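Peer 1: Next up is a structure, given as structure tokens.
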């Protein structure tokens, strides 16, 4: 799988368990409305494939945010309410799991960014919407960096809230 080669240079030793969504499954999603990624992440989560769900969720979030920005749908109309609803209904349980292992979460975000570069979104093509694509990718990279910089704080907060931390560092 080409994704495995992309993961070799990541700053954390990659746990490839989450890299199971097949290229064919990801190819089927590419070009669909970004809500399809959320549906797939929810399916994976309910099937117990939680690490896979994290990767698909963040790829979907990247693509949904790009769609909203590119098509100026951030206000109350358009797909913004759907994005908010899916972020709550799918994103909350995915993130509750994902933030329990910060290195794996960072890997999943890196892999989503890498996959997005390797297989550009056909629903909101970067050549047609370069500014939105660049800004959303930069935002996700900043989010990743923020998580890395706040890892200990996140772990302490999770512990105080009775949530599992699956890794210590």
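Bear in mind that the values in this text are calculations on the coordinates, not laboratory data. No experiment lies behind these values; they were computed from the predicted model shown. Neighbour counts run over all protein chains shown; Cβ positions are idealised from the backbone, glycine included.
Peer 1: Within a 10 angstrom radius of the beta carbon, how do 83, 55, 129 rank from fewest other beta carbons to most? Before the final figure, lay out each step's value.
Peer 2: On the way: 83 22, 55 30, 129 18.
Ranking 83, 55, 129 by Cβ neighbours within 10 Å, fewest first, gives 129, 83, 55.
Peer 1: Let me ask something additional. With the Cα gyration tensor of the range 72-112 giving a ≥ b ≥ c as the square roots of its eigenvalues, does the rule (a/c under 1.5 for rounded; else a/b larger than b/c for prolate; else oblate) give rounded, prolate or oblate? Before the final figure, lay out the partial values.
Peer 2: Working: a/c = 4.56, a/b = 2.07, b/c = 2.21.
It comes out oblate by the Cα gyration axes.
Peer 1: Between rounded, prolate and oblate, where does the range 21-169 land on the alpha carbon gyration tensor, with a ≥ b ≥ c its root eigenvalues, rounded for a/c under 1.5, else prolate if a/b exceeds b/c?
Peer 2: Details: a/c = 1.65, a/b = 1.54, b/c = 1.07.
The shape class here is prolate.
Peer 1: At residue 160 and residue 71, where each label point lies 7 Å from the Cα along Cα→Cβ, what is the point-to-point distance in nanometres?
Peer 2: 4.0
Peer 1: Stretched out fully, how many nm does the piece from residue 23 to residue 131 gain, at 0.36 nm a residue minus the Cα gap?
Peer 2: Details: separation 108, 0.36 × 108 = 38.88 nm, distance 2.70 nm.
Using 0.36 nm per residue and subtracting the Cα-Cα distance, I get 36.2 nm.
Peer 1: Hey, another quick one. Per 0.36 nm of contour for each residue apart, how much would the distance between residue 39 and residue 80 grow if the chain were fully extended, relative to their Cα-Cα spacing? Don't skip to the end; give the middle numbers.
Peer 2: Numbers: separation 41, 0.36 × 41 = 14.76 nm, distance 1.63 nm.
Roughly 13.1 nm would be gained on extension.
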